[in-house]
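Read the structure below first, then the notes.
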Amino acid sequence: MPAGLQGHGAGERPRRADRRRRRAGALRRPLRGGHVSEPEDAAPRRFLGIPASPGVVVGRAFVADRRRVTVPRRHIAPDDVEAEVQRLRVAISSARVQLEQIRSRLSLDASDHSVILDAHLLMLDDALLIEQSERAIRDEGLNAEWALRRTVEKIKDVFDRADDDYFRERRSDVDFVGERVLRQLMGAPMEISRPLDLHGPVVLVAHELSPADTAALARSDVMAFVTEVGSGTSHTAIMARALTIPAVVGAPDALRYIATGDMLVVDGLRGVVLRNPTDAEAADATDRGERYGAFVRSLRSNRAGVARTRDGTPIRLRANIELPGEVAVAIDHGADGIGLYRTEFLYIDRREPPTEEEQFETFKRIVSTMAPRSVTLRTFDLGGDKFSTAFRIPKEMNPALGMRAVRLALRERDVFRAQLRAMLRASAFGEVRVMIPMIAAVSELRASRREFDLAKEELRAAGLAFRDVPFGIMVETPSAVTMSDLLAKEADFFSIGTNDLMQYTLAIDRGNEHVAHLARPFDPAILRAIATVSRAAKERGIPCALCGAMAAELLAVPVLVGLGVHELSVEPTAVPEIKEALRRIDLSEARLFAEELLGIASAEEVEQRVRERYEPVFATLLSNGENGTFTETGTFVLPEYTGLR
């Protein structure tokens, strides 16, 4: 990261935005130096957003007010149709060259995330985008800009209707690609140019940035960025974290009140932007940034080796990934393996599902890179109105309860078996586990197992190599919890998916802003469900992992371990922090405490008990190292925790 005016902190340890918000909310304290009072009609100094990439910096603002281009709409004469089609093709080709140039400039540290730009390049070759746009030009006589924008809006509609947060957020990638082609058509600049009189490192402030915009900052003097829109799990945020650029997104009115040249504090830990800070506030931010950077380096220095509790019990700590390039990140952060590889990425924005060979090459790359560590490949969790272009599924009233995941797989058996064959073939290059999502009945597990066995027979007949591969399931429906004792007799392992388990158990739509806050991991129903599944797995002697967001919640870790879950899978960059948390947990104490929690009737009471018991244990981690100290030689030292008081 370029050196800043007073810029410190690095994005080596990103975590989910909602987790950072909860943590910041619990521990937030006023900036040292006191509060500066403001008249009611004064421009605000403080902007609250989403912490997208961690770190704290102080620097001058550079405002890039680049809004979306206005699309001209006109009908063209029949004689001009082919020229207009050619104009569209040239614009797409130029956009492709731009993205390839940006991709080639990525630093080695961020090159693993170039797959995000690869996805944008694939979109430029997508038949849906090209053919529908060209058809609108030819059949309806629309100019290229109008035809392209309309096609992009149709594709975005598919993502908007998805019931899964991950897929909804991919709509922005389609938008960014469409915008890049539009700017080529209209001759509008894509690059962000700064004023000649603004020298040195700056904080970029914009309405929105694409992953390509963010990647282009890799070798620039941008020390942080702030956007008015965006989310902590977008590809733009992922790229910022890969480049270790602190970022706050979703900060409304930033462009209205921040001017180029304003001094800013960008707090990517708490999601706060402070305009024109006092000397004391700037000094506090600089100090916090230095401590955070040292804290991250301290965690990373202890990331090697198997995770163990304070009393020496080993806990498997694996990584969740969705992009092949994240394998290197998982290894670098000390993960014991891949606990969840989401294969849905292979199906994004396609007219037809990926071929067996295409999937095999992807899985082979992941497995061979991760060897000798294990890789858990989850079969596709698609369906409903996600990607109806690939599977041609009619629109459903409630896609979350419809033709989804294993139900879709058992309907599209040829597609399912092609993926299973690809996964089995990848096992010849390392340790592989196959996992089926959204199992709700023993019959679904049995039917899936038959397809798995048939895929093996087909590979043997073709003379293709594979090894013995454990066949497990995700437990994420209430019926699977209830039937876990019987499912444990037929599955080789369990992995609890708490994201969907909360949604289905508590009857809460995570995408509904009015009720999403009710989905609480410490709800007694969720804890009892986890205890039931863990107990069933233990009695049958099969592994039980947990791969939902709950596994990366610091205060949830001792509860999960106490409930008998000794395999956790988290986002790669959370691994060092969770390893450190595990070193501070006594397993026997955690078991007794978890048993106490199972007798509590409300989520509020559980949360309070957990905070009282474990906030002192994790004080250093929860404060992002703010209570660490620097020795005279400059070494950063974290206070040790010697046990529960």
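Here's the yes/no breakdown for (1) farther than 23 Å from PHE493 by Cα; (2) surrounded by fewer than 16 Cβ atoms within 10 Å (Cβ to Cβ); (3) among the acidic types (Asp, Glu); (4) touching a Phe, Trp or Tyr at 6+ places or on another chain (Cβ under 8 Å):
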{"residue": "ILE578", "(1), (2), (3), (4)": "no, no, no, no"}
{"residue": "LEU587", "(1), (2), (3), (4)": "no, no, no, no"}
{"residue": "ALA594", "(1), (2), (3), (4)": "no, no, no, no"}
{"residue": "GLU607", "(1), (2), (3), (4)": "yes, no, yes, yes"}
{"residue": "VAL617", "(1), (2), (3), (4)": "yes, no, no, yes"}
Checking the condition at pLDDT 80 or above, over 26 Å from ASP221 (Cα atoms) and out of contact with any helix residue (DSSP H, G or I) (no Cβ under 8 Å at 6 or more places or on another chain), which residue from PRO78, PRO39, PRO72 passes? PRO78
Let me confirm something: among ARG270, ARG310, ARG241, ARG318, which residue is in the same structural domain as GLY339 (by TED's automatic domain parsing), under 20 Å from the mean Cα position of the chain (by Cα) and within 30 Å of VAL617 (Cα to Cα)? ARG318
For LEU560, which of the numbered conditions (1) under 27 Å from the mean Cα position of the chain (by Cα); (2) surrounded by fewer than 24 Cβ atoms within 10 Å (Cβ to Cβ) fails to hold? (2)
Take the residues of the range 507-525 that are in a helix (DSSP H, G or I) and modelled with pLDDT under 95: which is surrounded by the fewest Cβ atoms within 10 Å (Cβ to Cβ)? HIS517
Of all residues in the range 514-541, how many are among the β-branched types (Val, Ile, Thr) and more than 19 Å from ALA488 (Cβ to Cβ)? 2
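Listed here are the residues, each with its yes/no results for (1) surrounded by fewer than 19 Cβ atoms within 10 Å (Cβ to Cβ); (2) at pLDDT 85 or above.
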| position | (1), (2) |
| --- | --- |
| SER114 | no, no |
| LEU117 | no, no |
| ALA127 | yes, no |
| GLU140 | yes, yes |
| TRP146 | no, yes |
| ARG161 | yes, no |
Do the conditions hold for LEU408, that is, is it within 21 Å of CYS547 (Cβ to Cβ), at pLDDT 95 or above, surrounded by 15 or more Cβ atoms within 10 Å (Cβ to Cβ) and of a type in the set (A, V, I, L, M)? no
Only one residue in ARG135, ARG180 is modelled with pLDDT of 80 or more, crowded, with 21+ Cβ neighbours inside 10 Å, in a helix (DSSP H, G or I) and basic (Lys, Arg). Which one? ARG180
Working carefully through the options ALA83, ALA91, find the one that is at pLDDT 50 or above, outside any loop (DSSP other than H, G, I, E, B), buried (at least 21 other Cβ atoms within 10 Å of the Cβ) and not assigned by TED's automatic domain parsing to the domain that holds ARG270. ALA91
Check on ARG528, surrounded by 14 or more Cβ atoms within 10 Å (Cβ to Cβ), part of a loop (DSSP other than H, G, I, E, B), basic (Lys, Arg) and assigned by TED's automatic domain parsing to the domain that holds PHE363: no
Name the strands (runs of 3 or more DSSP E) wholly within the range 233-321 that hold at least 2 residues that are out of contact with any Ser or Thr (no Cβ under 8 Å at 6 or more places or on another chain)? 263-267, 272-275, 314-321
For the range 508-520, does any single residue satisfy the condition of being more than 19 Å from LEU401 (Cβ to Cβ) and in contact with a strand residue (DSSP E or B) (Cβ under 8 Å, 6 or more places away or on another chain)? no
All but one of (1) buried (at least 23 other Cβ atoms within 10 Å of the Cβ); (2) at pLDDT below 90; (3) not hydroxyl-bearing (Ser, Thr, Tyr) hold for GLY271, so report the exception by its number. (2)
Can you find even one residue in the range 571-578 that is more than 29 Å from LEU323 (Cβ to Cβ) and either in a strand (DSSP E or B) or of a type in the set (A, V, I, L, M, F, W, C) (or both)? no
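Rundown of residues vs (1) over 27 Å from GLY548 (Cβ atoms); (2) modelled with pLDDT of 90 or more, yes/no style:
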{"site": "ALA254", "(1), (2)": "yes, yes"}
{"site": "VAL266", "(1), (2)": "yes, yes"}
{"site": "ASP284", "(1), (2)": "yes, yes"}
{"site": "ASP311", "(1), (2)": "no, yes"}
{"site": "LEU340", "(1), (2)": "no, yes"}
{"site": "GLU344", "(1), (2)": "no, no"}
Kindly indicate whether any position in the range 225-233 is at pLDDT below 95, crowded, with 21+ Cβ neighbours inside 10 Å and touching a Pro at 6+ places or on another chain (Cβ under 9 Å). yes
Looking only at the range 457-484, which residues are out of contact with any strand residue (DSSP E or B) (no Cβ under 8 Å at 6 or more places or on another chain) and β-branched (Val, Ile, Thr)? THR477, THR482
Scanning the range 598-622 for residues that are outside any helix (DSSP H, G or I) and touching a residue at least 60 places away in the same chain (Cβ under 8 Å) gives LEU598, ILE600, ALA601, SER602, GLU615, PHE618
State the number of residues belonging to the range 255-307 that are among the aromatic types (Phe, Trp, Tyr) and under 28 Å from LEU209 (Cα atoms). 2
The conditions are (1) modelled with pLDDT under 95; (2) not assigned by TED's automatic domain parsing to the domain that holds GLU571, and VAL327 fails exactly one of them. Which is it? (2)
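The values are calculated or read from the model by the stated rules, or taken from the named source; none is laboratory data. Quick caveat: nothing in here was measured; it's all calculated off a predicted structure. Ideal geometry is used to build each Cβ from the backbone, glycine not excepted, and the neighbour counts take in all protein chains shown.
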